[in-house]
Amino acid sequence: MNNVYESPLNSRYASAEMKEIFSPDTKFKTWRRLWIALAESEMELGLPITKEQVDELKKYADDINYDVAKAREKEVRHDVMSHVYAYGVQCPNAKGIIHLGATSCYVGDNTDIIIMHKGLELVRRKLINTIARLTKFAEEYKALPTLGFTHFQAAQLTTVGKRATLWIQDLLMDLEDVEHQLSKAKLLGSKGTTGTQASFLELFDGDHEKCRLLDNKIAEKMGFNKVFAVSGQTYTRKLDSQMLNILSSIAQSAYKFSNDIRLLQHLKEIEEPFEKKQIGSSAMAYKRNPMRSERISSLARYVIVDALNPAITSSTQWFERTLDDSANKRISIPEAFLAVDAILNIYMNVTDGLVVYPKVINQHIMAELPFMATENIMMDAVKKGGDRQQLHELIRVHSIAAAKVVKEEGKANDLVDRIVNDKQFGLTKAEIEKTLKPENFIGRADKQVEEFIAENVKPVLDANKEILGDAEELTV
């Protein structure tokens, strides 16, 4: 429908898999799975619920009569009770025991946790695949010298591959956070209206142990081994804040990468993929704009700001619950997951097709390397009998003059020629050029790449071989 607003994250950016995780169908089918888990657990703990009633609920677990639920919600203005009613229409024998003892947050909050958990698992998979692609790039260019930059001013040399390890390291830190969050996953369980389990205590005739067992049984049936030890009506909204902080951290890492690529593309050293019929500019047909990297930056900025939503929501909840979280989290949490999903899709795509221009990189190196090599040149001249203090002053004077030529006259760096022509150095051009080999100025960069990958990256990739090879889904 072109006359109705739709989130661009849904229509343009996110993958089908992430959109399905946060879809209404996944939500409402999970509600039904939770009602089945509740009824089955209550039956197992001795409440008068029959296997036939549970089987009837299972029969219609995925066959949701949405039309009935929508019609009912118009009457009662309550989404959970509308779906309880619709489920009961399909399951007349079980309708009396659906949602028994529970409050709306039983299905709402437990479902939110389950969906966020699934979303984070997908993010984890894409993170690992992004790391794998960057690792291949780092290995290929581990020894290719390039100008390092501090303050975006030319600094000592590094290598293209070493720079890529900085991007990888950020993602590995994000992966640690993701895996930690997944490892401590807890359901809300069945805590009742203010978290006291009073309704369940009454159902079980004062049996506290059965109330505890009910929590654990439901969690186990839903694939979790822990529940929150205590709660109000809702799980603590700090969980939402933790989740989006992790997504924000991933966005920050991707933002850093995309900015570096944008700057490198300006320098014409490295370019993101550009398809045969892609248009870079509507006005300037010759342009190759870093549009994908810019999209990463744009979406990342949204996620970083969006992480404030659950932080504020968590800090402003009143006592056992308020409802000012609901409308906000319906928007902020799915949108953050869809945005990070899109970011990682683009990140993988860009990394897969990065184009490196070694000759341009070398040209930039050689424009700066004479300045960087002056210490080495001076030492070579000292070995030939020169005075170190006198040579230092001469190099300072020649360097200032050469820099002036570059900056004020727009000419090439002529420092080498100035030194060759200064007889006090006693060096030939061939001798100086032998010193001016970029690979002599990269330090341990290539070895650092090898060590970093072997010690930090390879164990992660080896442990996750079964999820490697994902194809990114890029829609625009």
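Farthest toward the positive end of the dipole of the chain, out of 189, 219, 116, is the Cα of 116, where the dipole comes from beta carbon charges about the Cα centre. Measuring nothing but how far apart in sequence close Cα pairs (under 8 Å, 6+ apart) lie, relative to its length, the stretch 345-465 scores a relative contact order of 24 percent.
With both labels modelled 7 Å from their Cα along Cα-to-Cβ, the residue 121 to residue 169 distance reads 3.3 nm. The stretch between residue 216 and residue 263 holds 11.6 nm of extra length on full extension. This uses 0.36 nm per residue minus the Cα-Cα distance.
Starting from 0.36 nm per residue, how many nanometres of slack lie between residue 26 and residue 409 once their C-alpha separation is accounted for?
On the way: separation 383, 0.36 × 383 = 137.88 nm, distance 6.58 nm.
Value of the extension gain: 131.3 nm.
Under 5 Å between amide hydrogens, built in the peptide plane, is the criterion, and for residue 146 it picks out 158, 159, 160 among residues at least 5 positions away or on other chains. Evaluate E = 1/(1 + (r/R0)^6) for residue 326 and residue 401, where r is the Cβ-Cβ distance and R0 equals 60 Å; express this FRET efficiency to the nearest 0.05. Computed FRET efficiency for residue 326 and residue 401: 0.30.
Could you give the length gained by full extension between residue 450 and residue 463, i.e. 0.36 nm per residue of separation minus their alpha carbon distance, to one decimal place?
Details: separation 13, 0.36 × 13 = 4.68 nm, distance 1.86 nm.
Stretched fully, the residue 450-residue 463 segment lengthens by 2.8 nm.
In this structure, residue 364 and residue 226 have a Cβ-Cβ separation that, at R0 = 41 Å, corresponds to a calculated FRET efficiency of about 0.15. In order along the stretch 317-330, the phi-based Karplus estimate (6.51 cos²θ - 1.76 cosθ + 1.60, θ = phi - 60°) of 3J(HN,Hα) comes to 6, 9, 6, 7, 4, 9, 9, 6, 7, 4, 4, 5, 6, 4 Hz; Gly and Pro are listed as x.
Here the contact order of the stretch 104-235, divided by its residue count and restricted to Cα pairs under 8 Å and six or more residues apart, works out to 25 percent. Going 7 Å from the Cα of residue 318 toward and past its Cβ, which residues in the stretch 218-244 have a backbone nitrogen under 15 Å from where you end up? Correct set: 233. For a straight C-alpha distance cut-off of 14 angstrom, the aspartates and glutamates reachable from residue 411 (same-chain residues fewer than eight places away being disregarded) are 368.
Counting lysine pairs in the stretch 1-92 whose alpha carbons fall under 23 angstrom apart, excluding pairs fewer than 8 residues apart on the same chain, gives 15.
Along the axis of the charge dipole computed for the stretch 291-413 (Cβ charges of +1 for Lys and Arg, -1 for Asp and Glu, origin at the Cα centre), the listed residues 322, 356, 382 are led at the positive end by 382. For residue 268, the amide hydrogen comes within under 5 Å of no other amide hydrogen, counting only partners 5 or more places away or on other chains and with H modelled in the peptide plane. In the set (1) 4, 20, 28, 23, 15, 8, 2, 0; (2) 4, 18, 29, 28, 16, 5, 0, 0; (3) 4, 16, 21, 18, 14, 11, 7, 5, 3, 1, 0, the label that goes with P(r) over Cα pairs in 10 Å bins from 0, in percent computed for this structure is (3). Taken about its Cα centre, the stretch 1-152 carries a charge dipole of about 540 debye when Lys and Arg each add +1 at the Cβ and Asp and Glu each add -1 at the Cβ.
Phi-derived couplings, Karplus 6.51 cos²θ - 1.76 cosθ + 1.60 at θ = phi - 60°, listed residue by residue for the stretch 165-180: 5, 5, 5, 5, 4, 4, 5, 5, 5, 5, 4, 4, 5, 4, 5, 5 Hz, with x used for Gly and Pro. Between the DSSP loop rule and a limit of at most 16 other Cβ atoms within 10 Å, which trypsin sites (Lys or Arg not before Pro) in the stretch 28-117 are left? Passing both the DSSP loop test and the Cβ count: 77.
Extending 7 Å from the Cα toward the beta-carbon at both residue 236 and residue 2 defines two label points whose distance is 5.1 nm. Here each label is just a point 7 Å from Cα along the line to Cβ, and for residue 474 and residue 152 those points are 2.4 nm apart.
Coordinate-derived values only; no laboratory data. It should be emphasised that the depicted structure is a prediction, and the values quoted were computed from it without experimental measurement. Please note: Cβ atoms are built from the backbone with ideal geometry, for glycine as well, and neighbour counts cover all protein chains shown.
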